[in-house]
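**Q** Mind having a look at this structure? Questions to follow.
Laboratory data are not the source of any read-out in this text; all were calculated from the coordinates shown. Here the structure is a predicted model, which is why all the values come from computation and not from measurement. FYI the Cβ positions are ideal-geometry reconstructions off the backbone, even for glycines, and counts take in every protein chain you see.
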Amino acid sequence: MSITLSQYLTTAVQNNLIDSELSALISAVAQLSKDINDKVTHGALAGVLGMAGTDNVQGEHQKKLDVISNEIFVSGVEWTGSVAGMASEEMDDCLVTPSQFKRGKYLITFDPLDGSSNIDINAPIGTIFSITKAPEGEITNESFLIPGRQQVAAGYVMYSPQTILTFSFGKGVVMFTLNMNTGNYILTKENVQIPATTEEFAINMSNMRHWAAPVKEYVKDLLAGKDGPLGKNYNMRWVAAMVAEVHRVLCRGGIFMYPWDNRKPEQPGKLRLMYEANPMSFLIEQAGGAASTGKGAILDLQPEKLHQRVPVFLGAKEEVARVEEYHKKF
Ligand code: AHG
Ligand code: MN
Ligand code: MN
Ligand code: MN
């Protein structure tokens, strides 16, 4: 018998693993992801491809789907009574739950559409979310600056040949596949585990000349293969959507990296802590892997800004430990 998302969440509430507000919130994210999925799968037919003609707070040119997905996310979550506020890649400041809706006990941060450069080429994209307990009192941008270790749940939806919802509420990682005929998310993987070692890495190699010494040295050794100091032949992948890279790592292992580089020396990395690095690190650790800035666990960082960026090295535990060694050595 297949297990639907509603069955899974209801059982989790009955077993006191999560409360009903969290269950309602995860449910709402799953529900709204079907609306994003609908736009994504219809592409040009729905008139959602191309640029929006606006920039976000980080200076990126927004795609139509970045903006549309953000609107779908906000309206899919604000009414639930589960959130006190939300923050997104595509909104300069946080959004306090409007007064006509009940204030809930959680905060949610999200990347409504991850992998924007893949939209117009029909390649994998996704939605990422992170849930924490809301502090008491007025909700401001500062309320969201909670270390990733304190997330109560995190996950992503990947829109690709299959639409897959992956999440964790701190009791392992589960995956649900959307049955597009019935509209049900069905449990298709439980207890996801990442092997501690790997022979596959992912990094945007075109930035090699811009990296810092530790990353240059490490990747040079990866490329040296069996005859190099690491003694293994490594394979490489780059999908250009973090959701797809993390999904691959969860499915068959590997290491994914987006390091600092000197194209924008003032920024510590490209990926954003609050709605990319933290939720993905939570999933990776829940699956027995590791996630590091190169100098320590991402989940232990004290966030300083809503749209803060970080270097990211995540996946196979031993490989991430090796990256940290290179950071100590070079
Ligand atoms: P977003 O589309 O949400 O802005 O995120 C883009 C990120 C991430 O998904 C991916 O890992 C990376 O950018 C790809 O970067 P390159 O274009 O440098 O390959
Ligand atoms: Mn973006
Ligand atoms: Mn993203
Ligand atoms: Mn995005």
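**Q** Positive end of the charge dipole of the chain (Lys, Arg +1 and Asp, Glu -1 on Cβ, about the Cα centre): tell me which of 48, 80, 6 has its Cα farthest that way.
**A** So the residue we want is 6.
**Q** Multiply the residue gap between residue 262 and residue 235 by 0.36 nm, knock off their C-alpha separation, and tell me the result in nm, one decimal place.
**A** Extending this stretch completely gives an extra 7.2 nm.
**Q** With r as the distance between the Cβ atoms of residue 14 and residue 121 and R0 = 35 Å, compute the FRET efficiency 1/(1 + (r/R0)^6) and round to 0.05.
**A** So, using R0 = 35 Å, E works out to roughly 0.20.
**Q** For residue 300 and residue 149, compute 0.36 nm times the residue count separating them, minus their Cα-Cα distance, and round to one decimal in nm.
**A** Full extension from residue 300 to residue 149 adds 53.8 nm.
**Q** Let me ask something else. Dipole magnitude of region 184-330 about its Cα centre, charges +1 at Lys/Arg Cβ and -1 at Asp/Glu Cβ only, in debye to the nearest 20?
**A** Rounded to the nearest 20 debye, it is 380 debye.
**Q** Then there's this: Using θ = phi - 60° and the Karplus relation 6.51 cos²θ - 1.76 cosθ + 1.60, list the HN-Hα couplings for region 244-250 in order, rounded to whole Hz, with x at every Gly or Pro.
**A** After applying 6.51 cos²θ - 1.76 cosθ + 1.60, I find 5, 5, 5, 4, 4, 4, 5 Hz.
**Q** I would also like to ask the following. Got a sec to turn the phi values of region 131-145 into Karplus ³J(HN,Hα) couplings, 6.51 cos²θ - 1.76 cosθ + 1.60 with θ = phi - 60°, whole Hz, x for Gly and Pro?
**A** 10, 10, 6, 7, x, 5, x, 5, 8, 10, 3, 5, 4, 7, 7
**Q** Divide by every residue of the chain the summed helix terms, -39500 (n - 2.57) for each DSSP H run of at least 4, and state the resulting mean residue ellipticity at 222 nm, rounded to the nearest 500 deg cm²/dmol.
**A** -8500 deg cm²/dmol
**Q** Take the residue pairs 64/295; 171/216; 34/102; 171/305 and return only those whose Cα atoms are more than 26 Å apart.
**A** 64/295; 171/216; 171/305
**Q** Note down the magnitude of the dipole of region 81-221 about its Cα centre, charges +1 on Lys and Arg C-beta and -1 on Asp and Glu C-beta and zero elsewhere, to the nearest 20 debye.
**A** The calculation lands at about 440 debye.
**Q** I need the peptides 307-318, 177-188, 60-71 ranked by packing, meaning the mean over residues of other C-beta atoms within 10 angstrom, with the highest value on top.
**A** Ranked from most to least packed, the peptides come out as 307-318, 60-71, 177-188.
**Q** Find how many whole Å separate the alpha carbon centroid of region 56-129 from the alpha carbon centroid of region 186-231.
**A** Each part's Cα centre sits 30 Å from the other's.
**Q** Cα-based Rg (one decimal) and Dmax (whole number) for region 200-329, in Å?
**A** Rg, Dmax (Cα atoms, Å): 13.7, 44.
**Q** Right, next: Mind checking which lysines have their C-alpha under 16 Å from residue 264, skipping anything on the same chain fewer than 8 residues away?
**A** Of all the lysines, none pass the test against residue 264 - Cα under 16 Å, at least 8 places apart if same chain.
**Q** Shape verdict for region 5-189, please, from the Cα gyration tensor: rounded (a/c under 1.5), prolate (a/b greater than b/c) or oblate.
**A** In terms of gyration-tensor shape, oblate.
**Q** ³J(HN,Hα) across region 44-58 via Karplus (A = 6.51, B = -1.76, C = 1.60, θ = phi - 60°), whole Hz, x for Gly/Pro?
**A** Each residue of region 44-58 in turn: 4, 5, 9, x, 9, 8, x, 7, 8, x, 10, 10, 8, 4, 8 Hz.
**Q** Order of 251, 94 from fewest to most other C-beta atoms within 10 Å?
**A** 251, 94
**Q** With a 10 Å Cβ neighbour count serving as the proxy for reagent exposure, in which order, fewest first, do 13, 215 appear?
**A** 13, 215
**Q** Let me ask something else. Quick one: putting +1 on the C-beta of Lys and Arg, -1 on the C-beta of Asp and Glu, what dipole do you get for the chain around its Cα centre, in Debye to the nearest 20?
**A** 720
**Q** Which one, 98, 214, 246, projects farthest toward the positive side of the charge dipole computed for the chain from Cβ point charges (K/R +1, D/E -1)?
**A** Value computed over the given set: 214.
**Q** Amide H to amide H, which residues 5 or more places from residue 106 or on other chains are under 5 Å from it, using H placed in the peptide plane?
**A** 83, 84, 134
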